[in-house]
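**Q** Got a structure for you, questions after.
We did not get these values from a lab; they are worked out from the coordinates using the rules stated. Just so we're clear, the structure is a prediction, and the values are computed from it rather than from any experiment. Cβ sites come from the backbone with ideal geometry, for glycine too, and all protein chains shown count toward neighbours.
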Amino acid sequence: MQKIVQKFGGTSVGTIDRIRNVCSLINKELKNGNQVAVVSSAMSGETNKLVSLAENFDINKNKLEFDMIVSTGEQISIALISMALKEIGLKGKPLLGWQIPITGSNDFTKAKINKIDGKLILELMNNGEIPIIAGFQGIDKDNNIVTLGRGGSDTSAVAIAAAIRADRCDIYTDVDGVYTTDPRIVKNAKKLDKISYEEMLEFASLGAKVLQTRSVEMAMRHRVTVQVLSSQTGKTGTFLTKEDEKMENELVSGIAYSKDEANITLINILDKPGVATKIFTPLSEANINVDMIVQTGSENGNKINFTYTVSRKDLEQTISIMEKNKIDIEFERIITNNSLAKVSIVGLGMRTHTGVANKMFSALASKNINIHVISTSEIKISVLIDEDSIEKALNSLHSTFELDQK
C-alpha cells in the first residue's frame with residue numbers, strides 16, 4: 001500500500017463533469033490498494049472573479065481581506081469533490097488550511113509554508129477516508145488566513161506529500177507531462193518520461209507553466225517524487241526525480257522560452273565601484289526582478305554601458321526609477337526594447353560536455369537569428385533574441401540537439 005497525494009488544478013475541476021472525472025481518478029488509485037489525500041485548486045476562472053471583486057478597493061491597504069476573499073474558491077471545489085465522491089460510495093472529508101493546520105508566514109498574498117501537521121491527514125487516511133484539502137492557503141501565527149500566491153496549490157500538494165511522507169505526489173493538469181519544448185510551436189516535441197529536479201526548476205523559472213517554481217524547490221529539498229500528468233487521460237506522465245547517470249549523458253533535455261522580456265541599456269556610466277548597487281538597489285526596493293545582466297565597455301574608455309532585462313509589465317516603472325536616480329547613477333541616456341524573447345536550452349549533460357554553447361549559437365546563426373544578450377548557469381544557456389524569431393529558434397535548436405529523436 002502506498003500513500004499518494006493527488007493534486008487537481010483549476011481546469012481539472014472546472015465543471016461538475018470534470019469533478020466527477022476527478023473522483024474516478026481518485027477511485028482508481030484506491031482500487032490499486034493505495035491511500036489517497038487530495039489537494040484541489042479553485043475551479044478555473046473562480047479566483048479571477050474573486051480578485052475582480054477585491055479590486056474594487058485598494059488591495060495594498062486590504063491585504064488581509066484580499067487573502068480571505070481569494071481563498072474561498074478552493075473551499076467550493078473541495079466541497080463539490082466531497083459531494084461527488086459520496087455519489088460513488090466514497091467518504092471524503094473537505095478541509096481548509098487552518099483545519100490541518102498549514103501554518104505560514106504572515107506575508108499576505110505570498111506567504112511561505114512554515115509547517116504542516118500531518119496527524120489529521122494520516123488519521124483520516126488510516127480510517128479509510130479521503131482528506132480533500134484546499135490548496136493555496138494556510139494560516140499565520142495570528143490565525144489570519146494567508147495565501148501562497150498564484151500557483152500555490154502545487155506547493156501545498158508537495159508540502160503535504162512531504163509532511164505525510166507520501167510515496168508520490170501526482171499533479172494533474174491540462175497537459176499530459178513535460179515536453180522537450182512547446183508542442184504548439186514544434187510539432188516533433190516529445191514528452192519526457194522523467195526529468196531531474198534541477199532541470200525542472202530551470203524550466204519553471206524560465207516560464208514553463210507546467211509546475212510552479214516553489215513547488216519544484218520543495219520537491220527537490222524534501223526528495224518528493226512528483227508526477228505531472230493529465231486529468232483527462234490519466235495516462236502515465238513525467239516524473240520528477242533525483243538525477244541519475246543516464247540523465248547526465250543527455251546533452252540537452254529541453255528548450256524553454258519566455259516572451260515576457262524587456263531590455264534596458266544605460267549608456268555611458270562612469271566606470272567606478274558601486275555602480276551596480278546604485279542601479280539595482282532601487283529596483284529591489286520596488287520588488288522588480290532583474291534577470292539577464294551584461295556590462296560592456298563604451299566608446300569612451302573610462303565609461304561603461306549596463307544592460308539588463310526585466311518583465312515587460314515592469315518596464316515602465318523601471319524606466320521611471322532609473323530616471324529618478326539618473327544623477328546618482330550618472331548615465332547619459334536609456335535605450336529600451338520590449339520586443340524580445342528569451343530562449344534557453346537546459347540539460348544536466350552541460351556539466352560534463354563541451355561545445356554546447358557553440359552548437360547553440362551556430363544553429364541560431366544558420367537561421368540568421370541575432371543574439372542580443374547571453375547568460376549561462378551550470379545546466380542552462382539563455383539567449384535574448386527578437387520575439388518574431390521564436391518559432392525559427394525553437395525548431396532549429398530542437399533539431400540541432402536531436403530532441404525529436406528522444
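**Q** Any idea how far the Cα center of the stretch 1-76 sits from the one of the stretch 167-192, in Å?
**A** First find each Cα centre; the distance between them is then 21 Å.
**Q** I need the P(r) histogram for the stretch 174-230: all alpha carbon pairs, bin width 5 Å from 0 out to the longest distance, whole percents.
**A** 4, 19, 30, 28, 13, 4, 2, 0
**Q** With angles folded into 0 to 90 degrees, how steeply does helix 16-31 sit against the dominant principal axis of the chain? Use alpha carbons for both and round to 10.
**A** 70
**Q** Related question: Projected onto the charge dipole of the chain (+1 at Lys/Arg Cβ, -1 at Asp/Glu Cβ, origin at the Cα centre), which of 95, 185, 82 gives the Cα projection farthest towards the positive end?
**A** In the chain, that residue is 82.
**Q** In debye to the nearest 20, how big a dipole does the chain give about its Cα centre with +1 on each Lys and Arg Cβ and -1 on each Asp and Glu Cβ?
**A** I would put it at about 880 debye.
**Q** Using 0.36 nm per residue, how much length does the chain from residue 368 to residue 20 gain when fully extended, once their Cα-Cα distance is taken away? Spell out each step's value before the answer.
**A** Details: separation 348, 0.36 × 348 = 125.28 nm, distance 5.07 nm.
Roughly 120.2 nm would be gained on extension.
**Q** A follow-up question, please. Show me 176-186, 326-336 ranked by packing, highest mean number of other Cβ atoms within 10 Å first.
**A** Peptide ranking by packing, descending: 176-186, 326-336.
**Q** Considering the options 229, 264, 218, tell which one lies farthest towards the positive end of the dipole of the stretch 207-336, charges being +1 on Lys and Arg and -1 on Asp and Glu at the Cβ, about the Cα centre.
**A** Selected residue: 229.
**Q** Sticking with this structure for a sec: By how many nm would the segment from residue 107 to residue 402 grow when fully extended, if each residue of separation counts as 0.36 nm and the alpha-carbon distance is taken off?
**A** Between residue 107 and residue 402, full extension yields 101.7 nm more.
**Q** Using amide H atoms built 1.01 Å from N in the peptide plane, name the residues 5+ places from residue 39, or on other chains, whose amide H lies under 5 Å from its own.
**A** Answer set, sorted by chain and number: 6, 7, 8, 133.
**Q** What relative contact order, as a whole-number percentage, does the stretch 3-174 give when Cα pairs under 8 Å and 6 or more residues apart are counted?
**A** The normalised contact order for the stretch 3-174 reaches 30 percent.
**Q** While we're looking at this one, here's another question. Once you have the Cα-Cα distance between residue 259 and residue 27, take 0.36 nm times their residue separation minus that, and quote the gain in nm to one decimal.
**A** Here the segment from residue 259 to residue 27 would lengthen by 79.5 nm.
**Q** Using the Karplus curve 6.51 cos²θ - 1.76 cosθ + 1.60 with θ = phi - 60°, what ³J(HN,Hα) values do you get for each residue of the stretch 275-287, in whole Hz, with x for Gly and Pro?
**A** Here the 3J(HN,Hα) series is 4, 4, 4, 5, 6, 8, 4, x, 5, 4, 5, 8, 6 Hz.
**Q** List the residues, sorted by chain then number, that are 5 or more residues from residue 186 or on another chain and whose placed amide H is less than 5 Å from its amide H.
**A** none
**Q** How far is helix 356-366 tilted, in degrees, relative to the longest principal axis of the Cα atoms in the chain, given as a value from 0 to 90 rounded to the nearest 10?
**A** Roughly 70 degrees between the two axes.
**Q** Any chance you could give the angle, 0 to 90 degrees and rounded to 10, that helix 152-163 forms with the longest Cα principal axis of the chain?
**A** Around 60 degrees separate the two axes.
**Q** Please sort 285-293, 101-109 by packing, taking for each peptide the average over its residues of neighbouring beta carbons within 10 angstrom, highest first.
**A** Highest to lowest by the protection proxy: 101-109, 285-293.
**Q** Using Cα pairs under 8 angstrom and six or more residues apart, how large is the relative contact order of the chain, in percent? Walk me through the intermediate numbers first.
**A** On the way: 857 pairs, mean separation 55.9, N = 406.
In percent, rounded to a whole number, it is 14.
**Q** Let me ask another. Starting from the 7 Å offset along Cα-to-Cβ, what nm value, one decimal, do you get for the label separation of residue 86 and residue 60?
**A** Reported label-point gap for residue 86 and residue 60 is 4.6 nm.
**Q** According to a simple spin-label model (label point 7 Å from Cα along Cα-to-Cβ), what is the distance in nm between residue 127 and residue 150?
**A** 3.9
**Q** Now a separate question. How large is the helix-only mean residue ellipticity at 222 nm for the chain, computed as the sum of -39500 (n - 2.57) over DSSP H runs with n ≥ 4, divided by its residue count, in deg cm²/dmol to the nearest 500?
**A** -10000 deg cm²/dmol
**Q** Turning to a different aspect of this structure: Listed here are the pairs 259/392; 342/367; 31/242; 63/324; which of them are more than 24 Å apart at the Cα?
**A** 31/242; 63/324
**Q** Now a separate question. Which far-off residues, 5 or more places away or on another chain, put their amide H under 5 Å from the one on residue 194, with H placed in the peptide plane?
**A** Excluding prolines and chain starts, which carry no amide H, the hits are 239.
**Q** What's the magnitude of the charge dipole for the stretch 18-75 around its Cα centre, counting Lys and Arg as +1 and Asp and Glu as -1 at the beta-carbon? Answer in Debye, nearest 20.
**A** 380
**Q** Also, quick follow-up: Packing-wise, with mean Cβ within 10 Å as the measure, how do 3-11, 267-275, 34-42 rank, highest first?
**A** Order by mean packing, descending: 34-42, 3-11, 267-275.
**Q** For the chain, what size does the Cα cloud have along each of its three principal axes, sorted from largest down, in whole Å?
**A** Between the extreme Cα coordinates on each principal axis of the chain lie 77, 53, 32 Å.
**Q** A further question on this structure: Once R0 is set to 30 Å, what does the formula 1/(1 + (r/R0)^6) return for the Cβ-Cβ distance between residue 376 and residue 270, expressed as a FRET efficiency to the nearest 0.05?
**A** The computed FRET efficiency comes out at 0.60.
**Q** May I ask which residue of 363, 385, 348 lies farthest towards the positive end of the charge dipole of the stretch 341-405, with charges of +1 (Lys, Arg) and -1 (Asp, Glu) on Cβ and the Cα centre as origin?
**A** Comparing the listed Cα positions along the dipole, 348 ranks first.
**Q** Using only Cα atoms, locate the centre of the stretch 355-391 and the centre of the stretch 261-320, then give the distance between them in Å, rounded to an integer.
**A** 22
**Q** Oh, and also: Where q = 0.13, 0.18, 0.19 Å⁻¹, what log10 of I(q)/I(0) comes from the Debye formula for the stretch 341-405, counting one point per Cα?
**A** Listed by q, the Debye log ratios stand at -0.31, -0.61, -0.68.
**Q** How large is the dipole of the stretch 341-405 about the Cα centre if only Lys and Arg carry +1 and Asp and Glu carry -1, each at its Cβ, rounded to the nearest 20 debye?
**A** Dipole of the stretch 341-405, to the nearest 20 debye: 220 debye.
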